[in-house]
Amino acid sequence: MINQIDAVDLLLRDHRVIQAIAEQLDAADEPTEIRGLFLLLVELLAAHEAVEQQVIFPALRASLEGAGRDALEARMGEHEELNELLAEMRGLAPDDFAFTKRASALALEIEEHLRREEETVLTRMRESLSRDQIAEMAERALEVREHAPAFPDDHLVTLTVDERSRDRPVRICSSRTRLVST
């Protein structure tokens, strides 16, 4: 095949973008910017996780045994930890110290998770799967990404925007971060 899309490269690109947004979120000071970066990060993580859960992990799990499967299960468990932290953050105001503290923790957890995922999952993909399998996975990954939820395991995100709107949550109406006051 000419110009095959490579699922490993696709995931690596996701990792670089997610890491950059997490770092920007950790450094941001303005509540509106923080809110926007948080929602963007949540959306990117949700799409990335959907691809891994629906395409990457099932294909890789079928080709792995023993320690390889254990590493895969550990990465999946890390997704749950990240999702719990995101769920905690979505109920906090972006200018709240608790949000800022969790944003810093999130940036560190994301960095470590992505590093471990690259060292284990992506390395094992190249070792265990053929080029054609990885190309096919990339095509399916792009389809899954298009229909991914805006929040992992959730289609409604409530995030307090600021003091004036503390009683009016923000709702994401689509997987492409369109905001509406409710």
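The values are calculated or read from the model by the stated rules, or taken from the named source; none is laboratory data. Nothing here was measured: the structure is a model prediction, and the numbers come from that model. All Cβ positions, glycine included, derive from the backbone under ideal geometry; neighbour counts span all protein chains shown.
What the table shows:
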{"read-out": "Search result, residues across the range 1-42 that are closer than 26 Å to E84 by Cβ, out of contact with any Pro (no Cβ under 9 Å at 6 or more places or on another chain) and of a type in the set (D, E)", "value": "D14, E23, D26, D29"}
{"read-out": "Residue among T182, T120, T177, T158 that alone is more than 19 Å from L39 (Cβ to Cβ) and modelled with pLDDT under 90", "value": "T120"}
{"read-out": "Positions within the range 69-90 being surrounded by 18 or more Cβ atoms within 10 Å (Cβ to Cβ) and over 18 Å from E109 (Cβ atoms), in sequence order", "value": "L72"}
{"read-out": "Selection status of A46, modelled with pLDDT of 95 or more, closer than 27 Å to A135 by Cβ, within 15 Å of the chain's Cα centre (by Cα) and not aromatic (F, W, Y)", "value": "no"}
{"read-out": "Flag for A98 being under 30 Å from P31 (Cα atoms) and in contact with a Ser or Thr (Cβ under 7 Å, 6 or more places away or on another chain)", "value": "no"}
{"read-out": "Test: F38 is surrounded by 18 or more Cβ atoms within 10 Å (Cβ to Cβ) and over 26 Å from A135 (Cβ atoms)", "value": "yes"}
{"read-out": "Of the criteria (1) without any contact (Cβ under 8 Å) to a residue 60 or more places away in the chain; (2) surrounded by 15 or more Cβ atoms within 10 Å (Cβ to Cβ); (3) over 24 Å from R140 (Cβ atoms); (4) among the aliphatic types (A, V, I, L, M), which one A20 fails", "value": "(2)"}
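Each row is one residue, and each column tells you yes or no for (1) of a type in the set (S, T, Y); (2) farther than 18 Å from L10 by Cα; (3) surrounded by 14 or more Cβ atoms within 10 Å (Cβ to Cβ).
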position: A28; (1), (2), (3): no, yes, yes
position: V55; (1), (2), (3): no, no, yes
position: L92; (1), (2), (3): no, yes, yes
position: T100; (1), (2), (3): yes, yes, yes
position: L114; (1), (2), (3): no, no, yes
position: A135; (1), (2), (3): no, no, yes
